[in-house]
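Chemist: Here's a structure for you.
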Amino acid sequence: MVALIDLDLVALAEAIRARTVSSREATEAAFARARAVQPVVNAFIAIDEVGALAAADAADAALARGGTIGPLHGVPLGHKDMFFRKGRISGCGGAILKSVPADRTATVLDRLDAAGALDIARLNMAEFAFGPTGHNVHYGDCRNPWDPARITGGSSSGSGAAVASRAVWGALGSDTGGSIRLPAAMCGVVGIKPTHGRVSRNGVMGLSFSLDTVGPLARTVRDAARLLAVIAGPDPRDATAAIHPIGRYEAAACAGAAEGIAKLRIGIPTNYYADDLDSEIRICWQAGAQQMGSLGAELVEVPIPLHEHISLLVNAVTVTEGATLHAHWMQTRPQDYSPQVRARIEMGFAVSARHYLSALTLRPRLTREFVDRVFEACDALWLPALPQPVPERAATDFGDGPRMVSGLAGLTRLTRPINYLGLPSVVVPAGFDCNAMPIGMQLVGPPFAEARLLRIAAAFEADAGLKSRCPLL
Amino acid sequence: MTRLDPGHIAALVHELHGYSLDAAGAVRAAAMVAGISAALETLAAEPQFHEEPANFAATLVALAPEGD
């Protein structure tokens, strides 16, 4: 018999709907698992046992009464501690908001509530989402469940670790330069960074409003697709949320797993994403491409335009908007930031308005050029998410020292250009390195092609046979 | 612009934002601004009269493939 925590999200939701499992049983199983793994991974900031059990009982009672049931009815989730819920404290990984109750509820939480999900925990994260490793001086480092001596990736560190640990069935994260994709890749789970504007950012802590995106981390492609379908769509409370129609994400994932990806063209970059890769990452990336070829996809080589420059423009936007958001606190209470986050934010004070606005003004043209050139040749790009194996925490504890800039930039080299271009990306587990650490690959497509990416990712996942593997905690 | 004087950058930041960069922070900021400047010299050599940041959202919608 499969243990409750080993069911994926879709299977649990169906079991609850069929009343073979109660939401209370699932929630108690999540708590037991969280208590067991927390000393190792430090993924949880707070667990709301009383509130979650009351919500679980209410979900079970509603089911007993009959009536309309949402696609996540009774399913326990936890989220990066930057999704505000009115009256609740979310510290956003920093010291400054540790005692400030939120004045609003994020649209994405409202939508998950309406779909029946339980919000059982607030999850660890990088300070103000400003870090790709999972280190945190205020709440303690989040640690990788596959090897706690190694990083989880960030900034959605707790989301990656909690999902990989099987302590929650899914989690929200945010991605400004790789913050969903890196923890997904390093923790061996699926992560979706949607098209810019696909998911509302209302009630979500901002880091860089031009680049921020919200998306799910989950155990399987189909699980992630279901979560995306619930949270995506226009929002009158977020003027930047796109009106563009929502795709049939879960159906696309099911179709990919069942029917494969014959006739789709998978782009294999000849530069930038192919450059300076660790040999194990390169082998896994190439093997994954061959695997998709064996599933019927056509592999095409694709040159990648302008990326060295785009990487620099991302920095101009991120640090300037970050410095704008944090200016008052940086001036009045700089001691409340970690040295690294303070050192990164302060760089934004030096960027001129002309440079910042030029970086943003170029964005439509560079995105048009990229999409026209790349996606005329292929339907989706197959890329590594991280150029190196998952590093050790000690080796990436850069602080504000001389290796900080190059070390952090190296970790996000393959993810941050996608945020500037606003494109969707799905990370899927693709293998393990010689240290038995996960290797994740990302699929990138044209704007609003999330369903296409999920179809491909699900086909790959079904063929790879990795989704039953979980860390031995 | 290939090099910037970190001292000038620190003075400007202090004057404009009331924030004090230490020596290492000034060097980091100067290096970053020089890199951004070099990228923009390559990418934005011509005036961009027909573009503005607000076009980005519409650009994404226009580039979305039909049927996805």
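Read-outs: derived from the displayed coordinates by stated rules, not from any lab. Not measured: the values here are computed from a predicted model. Cβ atoms come from the backbone with ideal geometry, glycine included; neighbour counts cover every protein chain shown.
Chemist: Given the rule -39500 (n - 2.57) for each run of at least 4 DSSP H residues, summed and divided by the residues of chain B, what is its mean residue ellipticity at 222 nm, to the nearest 500 deg cm²/dmol?
Modeler: It lands at -20000 deg cm²/dmol.
Chemist: Quick check: Cα centre of the stretch B:1-63 to Cα centre of the stretch A:146-171, how many Å?
Modeler: 34
Chemist: Now a separate question. Taking the Cβ-Cβ separation of A:Ser468 and A:Ala262 as r and a Förster radius of 22 Å, what is the calculated FRET efficiency to the nearest 0.05?
Modeler: The value I calculate is 0.30.
Chemist: So, by mean Cβ neighbours within 10 angstrom, what's the order for B:8-16, A:411-419 with the highest one leading?
Modeler: Values: B:8-16: 15.9, A:411-419: 25.9.
Order by mean packing, descending: A:411-419, B:8-16.
Chemist: Computed FRET efficiency, Cβ-Cβ of B:His50 and A:Arg373, R0 22 Å: what is it to the nearest 0.05? Mind dumping the intermediate values first?
Modeler: Numbers: r = 20 Å, r/R0 = 0.90.
The formula returns an efficiency of 0.65 here.
Chemist: Right, here's the next one. Averaged across the residues of A:340-349, what count of C-beta atoms belonging to other chains lies within 10 Å of each residue's C-beta?
Modeler: Details: counts 0, 0, 2, 6, 3, 1, 10, 11, 4, 12.
Mean partner shielding for this stretch: 5.
Chemist: Just grab the label-to-label distance for A:Ala114 and A:Ala394, each label 7 Å out from Cα along the Cβ direction, in nm (one decimal).
Modeler: About 5.0 nm separates the two model spin labels.
Chemist: Could you go through the stretch A:339-355 in sequence order and give the Karplus-derived ³J(HN,Hα) for each residue, using 6.51 cos²θ - 1.76 cosθ + 1.60 with θ = phi - 60°, rounded to whole Hz, and x for Gly and Pro?
Modeler: Couplings: x, 5, 5, 4, 5, 7, 5, 5, 4, x, 5, 8, 7, 6, 4, 5, 5 Hz.
Chemist: Calculated from DSSP H runs of 4 or more alone, at -39500 (n - 2.57) each and per residue, what is the 222 nm mean residue ellipticity of chain A, nearest 500?
Modeler: Numbers: 15 runs with 194 residues, N = 473.
Calculated at 222 nm, the ellipticity per residue is -13000 deg cm²/dmol.
Chemist: Given the convex hull over the Cα atoms of chain B, what projected area results after averaging over all orientations, in nm²?
Modeler: Details: hull surface 29.9 nm².
Mean orientational projected area (chain B, Cα hull): 7.5 nm².
Chemist: How high is the relative contact order of chain A, in percent, with contacts defined as C-alpha pairs under 8 Å that are six or more residues apart?
Modeler: RCO, chain A: 17 percent.
Chemist: Then there is this: Take A:Ser352 and A:Ala436, extend 7 Å from each Cα along the Cα→Cβ direction, and tell me the distance between the two endpoints in nm.
Modeler: Output for this residue pair reads 5.5 nm.
Chemist: Which part of the stretch A:449-464 falls in the paramagnetic zone of A:Ser294, meaning amide N under 19 Å from the point 7 Å along Cα-to-beta-carbon?
Modeler: In the stretch A:449-464, the label zone of A:Ser294 (backbone N under 19 Å from the point 7 Å along Cα→Cβ) covers A:456-464.
Chemist: Using a cut-off of under 19 Å, list every residue of the stretch A:129-145 whose amide N is near the label point 7 Å from the Cα of A:Gln335 along the Cα-to-beta-carbon line.
Modeler: In the stretch A:129-145, the label zone of A:Gln335 (backbone N under 19 Å from the point 7 Å along Cα→Cβ) covers A:137-139.
Chemist: Want the number for A:Asp6 to A:Asp276: 0.36 nm per residue separation, take away the alpha-carbon distance, what's left?
Modeler: So the extension gain works out to 93.5 nm.
Chemist: Within a 10 angstrom radius of each residue's Cβ in A:361-374, how many Cβ atoms of other chains show up on average? Whole number is fine.
Modeler: Counting Cβ atoms of other protein chains within 10 Å of each residue's Cβ and averaging gives 5.
Chemist: Which of the lysines could be linked to A:Lys193 by a straight reach, that is with a Cα gap under 16 Å, when you skip same-chain ones fewer than 8 residues away?
Modeler: The qualifying lysines are A:Lys80.
Chemist: Stretched out fully, how many nm does the piece from A:Glu49 to A:Arg237 gain, at 0.36 nm a residue minus the Cα gap?
Modeler: 64.7 nm
Chemist: I've got another one for you. Could you tell me which chymotrypsin sites (Phe, Trp or Tyr not before Pro) in chain B are loop residues by DSSP with no more than 16 other beta carbons within 10 angstrom of their beta carbon?
Modeler: Of the chymotrypsin sites (Phe, Trp or Tyr not before Pro), the ones in loops of chain B whose Cβ has at most 16 other Cβ atoms within 10 Å are B:Phe49.
Chemist: With a 10 Å Cβ neighbour count serving as the proxy for reagent exposure, in which order, fewest first, do A:Thr318, A:Thr20, A:Thr270, B:Thr59 appear?
Modeler: In increasing order of surrounding Cβ atoms, one gets A:Thr20, A:Thr270, B:Thr59, A:Thr318.
Chemist: What FRET efficiency would be calculated for the residue pair A:Thr68, A:Arg104, taking the C-beta separation as r and a Förster radius of 22 Å, to the nearest 0.05?
Modeler: Given R0 = 22 Å and the Cβ-Cβ separation, E is 0.25.
Chemist: Give me a comma-separated list of calculated 3J(HN,Hα) values for the stretch A:170-182, in order, Karplus coefficients 6.51, -1.76, 1.60 applied at θ = phi - 60°, integers in Hz, x for any Gly or Pro.
Modeler: Per residue, the Karplus-derived 3J(HN,Hα) values read x, 8, 8, x, 10, 9, 10, x, x, 6, 9, 5, 5 Hz.
Chemist: Starting from the amide H of A:Ile439, placed 1.01 Å from N in the peptide plane, find each other amide H under 5 Å away whose residue is 5 or more places distant or on another chain.
Modeler: Amide H neighbours of A:Ile439, under 5 Å, 5+ apart: A:Ala430, A:Gly431, A:Phe432, A:Asp433.
Chemist: Oh, and also: Determine the percent antiparallel among the DSSP beta bridges restricted to the protein assembly as shown, to the nearest 5.
Modeler: Roughly 65 percent of the beta bridges in the protein assembly as shown run antiparallel, per DSSP.
Chemist: Another one. Per-residue HN-Hα couplings for the stretch A:275-284, Karplus 6.51 cos²θ - 1.76 cosθ + 1.60 at θ = phi - 60°, whole Hz, x for Gly and Pro?
Modeler: 8, 6, 8, 4, 4, 5, 5, 4, 4, 5
Chemist: For B:4-13, what's the mean count of beta carbons from other chains sitting within 10 Å of each residue's beta carbon?
Modeler: Numbers: counts 1, 0, 1, 0, 0, 3, 2, 0, 3, 6.
Averaged over the peptide's residues, the number is 2.
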